[in-house]
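Here's the structure, in structure tokens; my notes come after.
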Amino acid sequence: MVEEKKENSVSPASEGIENISEAAIEAEKIAKFKKEGKFGAPRRPGFPSRGTGFRPVGGEITPEYESKLLDLARVVRVTAGGKKLRFRAVVVLGNKKGKVGLGIGKGLDVAQAVEKANRAAKKNLIEVATEQGTIPYPVRAKYGAARILLKPQRKGRGLVAGGTVRVICTLAGIKDISAKILGRTSNKLSNGQATINALKKLKLKVKVKVKEKETNAATSTSASS
């Protein structure tokens with residue numbers, strides 16, 4: 001039987017938020033493979049170096065996107081052969097123009113976990129509906145034990161949110177919003193997923209009205225026929 005549990009959490013900063021230095025991660029990879037004697041001659045950017053077995057982080061994320069490390073934890077997998085330690089990284093990726101994504105990655109070291117999380121976040125990008133720097137209407141969402149409430153704010157109010165919600169809204173390009181965590185959990189991954197679920201529910205009022213008109217027109221046509 002395979003069981004995986006969280007051993008302890010490694011907070012990257014006081015609020016659990018930190019810019020990911022791709023250069024530092026790449027330097028750590030190179031030093032590791034040089035030490036193990038697996039590092040060969042480097043190839044052009046975006047392609048794996050000889051013996052590494054994976055591509056550099058810089059080749060995965062375009063310059064327009066910015067990533068933040070939301071949470072970093074050490075997890076343990078208990079197997080018949082003993083305990084296997086790995087790292088789990090949670091990364092938020094966004095372009096501050098309406099696109100944001102959340103990704104989770106696990107690896108034998110921090111660099112590998114962050115790289116996998118970056119790839120997952122890029123695959124999970126969603127488009128957020130905004131109006132004049134805020135959301136069109138209040139919305140609630142949940143994920144596990146996490147409960148999130150997002151409310152629009154007037155221009156110039158700023159981000160009235162903290163921790164996980166603030167990071168996601170910033171990378172999504174939202175400038176004015178009020179958010180409240182209603183759940184009792186402080187798990188950053190759960191709160192992050194709940195925030196993403198809330199942003200997925202948002203739709204522009206114009207599009208909603210057009211869709212309602214089309215539905216009413218189709219209903220009246222079918223009734224008359």
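All of the numbers you see were taken from the coordinates with simple rules; none came from a lab. None of these values were measured; they are calculated from a predicted model. Cβ placement follows ideal geometry from the backbone for every residue including glycine, while neighbour counts extend to all protein chains displayed.
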- Message: Being outside any strand (DSSP E or B), surrounded by 15 or more Cβ atoms within 10 Å (Cβ to Cβ) and touching a residue at least 12 places away in the same chain (Cβ under 8 Å) is the requirement here; does residue 111 meet it?
- Response: yes
- Complete set of residues in the stretch 175-195 that are aliphatic (A, V, I, L, M) and either out of contact with any Phe, Trp or Tyr (no Cβ under 8 Å at 6 or more places or on another chain) or free of Cβ contacts under 8 Å to residues at least 40 places away in the same chain (or both): 177, 179, 181, 182, 189
- Of everything in the stretch 130-187 that's surrounded by fewer than 17 Cβ atoms within 10 Å (Cβ to Cβ) and hydroxyl-bearing (Ser, Thr, Tyr), which residue is farthest from residue 97 (Cα to Cα)? 185
- Item | Matching residues, the stretch 178-193, being touching a helix residue (DSSP H, G or I) at 6+ places or on another chain (Cβ under 8 Å), farther than 14 Å from residue 168 by Cα and among the aliphatic types (A, V, I, L, M) | none
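Residues are listed down the side, and each one gets a yes or a no for (1) assigned to a helix (DSSP H, G or I); (2) not small (Gly, Ala, Ser):
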site	(1), (2)
74	no, yes
86	no, yes
141	no, no
164	yes, yes
- Looking at 103, 94, which one is more than 19 Å from residue 202 (Cα to Cα), crowded, with 21+ Cβ neighbours inside 10 Å and in contact with a helix residue (DSSP H, G or I) (Cβ under 6 Å, 6 or more places away or on another chain)? 103
